[in-house]
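Enquirer: The following block contains the structure, expressed as structure tokens.
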Amino acid sequence: MKIKKGEFIEVDFVGRIKDTNEIFDLTKEDTAKENNIYNSDFQYKPVIICVGEGHLLKGLDEKLIGKEEGKHKIELKTEEAFGKKDLKLLRLVPVNIFRKENLKPFPGLNVNIDGIIGTIRSVSGGRVIVDFNHPLAGKDLFFDLEIKRIVKDDKEKVESLVSKLSKEFEVNIKEKKAEVKVKLGEKEKEFLKEKITKLIPNIKNVDFT
């Protein structure tokens, strides 16, 4: 059965940079351990997403439409992934800025300047070039991805949407109402309620506790 926009599916994936084969994102614990990138603070498991809702990288999300359950290799050109590098996002920063923070700048160091994360590309005399492009900008990517199943259970669907905003929650479904126990702000609750009732037609109302 071909995947349609708006369907919930469970996926496992490993994302790599095409030129270097370096892994930049994955859901599989065994692969993380095999490649010495295992992080004990990260929960490795398949993820449930709603196709077309931007739960994955946009280019990847779009290419899931029309696929069937099973394993796929999906390539994303630079334009489909994080786009080309923008020279306007390369900034010249005086080295004194770093010295005031007791930082010794060097190429490859990630820094936070005015609330924006950048990567130092070069250090020359009193000048530092900081790149505020996404680290994967300008790169072609590919994914080894498995569509494990189409999710039919409404409780699983609601849980997948709530999990995008909080890690601690509890969901119960009674008739056509979802009862969600979670700590969120009012705007987040309104956003979540709108998403749940829009994407899961069987759910007509959402109560938060």
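Enquirer: Taking the Cα centroid of the stretch 1-59 and of the stretch 132-169, what is the distance between the two, rounded to the nearest whole Å?
Expert: 7
Enquirer: At a Förster distance of 35 Å, what's the computed FRET efficiency of Lys77 paired with Arg149, Cβ-Cβ distance as r, to 0.05?
Expert: So, using R0 = 35 Å, E works out to roughly 0.75.
Enquirer: Using a cut-off of 14 Å between beta-carbons, work out the net charge of the residues near Ile74 (Lys and Arg +1, Asp and Glu -1, Ile74 not included).
Expert: Cβ neighbours under 14 Å give a net charge of -2.
Enquirer: Ranked by Cβ crowding within 10 angstrom, fewest neighbours first, how are Glu79, Glu159 ordered? Numbers along the way, then the final one.
Expert: On the way: Glu79 10, Glu159 18.
So the residues, fewest neighbours to most, are Glu79, Glu159.
Enquirer: Bin by bin, in steps of 5 Å, what percent of the Cα pairs in the stretch 85-205 do you find, going until the bin that has the longest distance?
Expert: The distribution over the stretch 85-205 is 2, 9, 15, 12, 7, 7, 9, 12, 11, 8, 5, 2, 1, 0, given as percents.
Enquirer: Among Ser160, Ser166, Ser124, which comes first, then next, by fewest other beta-carbon atoms within 10 Å?
Expert: By the 10 Å Cβ count, ascending, the order reads Ser124, Ser166, Ser160.
Enquirer: Tell me the angle of helix 186-199 to the major Cα principal axis of the chain, expressed in degrees between 0 and 90 and rounded to the nearest ten.
Expert: Computed tilt is about 60 degrees.
Enquirer: Can you work out ³J(HN,Hα) from phi for every residue in the stretch 161-177, in order, using Karplus 6.51 cos²θ - 1.76 cosθ + 1.60 and θ = phi - 60°, giving whole Hz and x for Gly and Pro?
Expert: 6, 5, 5, 6, 10, 8, 9, 10, 6, 9, 10, 10, 10, 10, 6, 10, 10
Enquirer: To continue, here is another question. So, how do all the Cα-to-Cα distances of the stretch 140-186 break down into 5 Å bins, in percent, from 0 on up?
Expert: For the stretch 140-186, the binned pair fractions read 5, 16, 23, 18, 14, 10, 8, 5, 1, 0 percent.
Enquirer: Give the label of the value calculated from the structure for Cα Rg over 2.2 N^0.38 Å, choosing from (1) 0.98; (2) 1.19; (3) 1.25.
Expert: The value computed from this structure is option (3).
Enquirer: Next up: Sorted from fewest to most neighbouring beta carbons within 10 Å, what does the list Phe42, Phe13 look like?
Expert: Ranked by crowding around the Cβ, least crowded first: Phe42, Phe13.
Enquirer: Here is a follow-up. Tell me, what HN-Hα J-couplings in whole Hz come from the Karplus equation 6.51 cos²θ - 1.76 cosθ + 1.60 at θ = phi - 60° for each residue of the stretch 9-25, using x for Gly and Pro?
Expert: Those phi angles translate into 9, 9, 10, 10, 7, 10, x, 10, 7, 4, 5, 10, 6, 6, 7, 10, 7 Hz.
Enquirer: Just order 143-155, 17-29 by mean Cβ neighbour count inside 10 Å, highest at the front, would you?
Expert: 143-155, 17-29
Every number in this text was worked out from the coordinates using simple rules, so none of it is lab data. Since we're looking at a predicted model, the values are computed, not measured. Ideal geometry is used to build each Cβ from the backbone, glycine not excepted, and the neighbour counts take in all protein chains shown.
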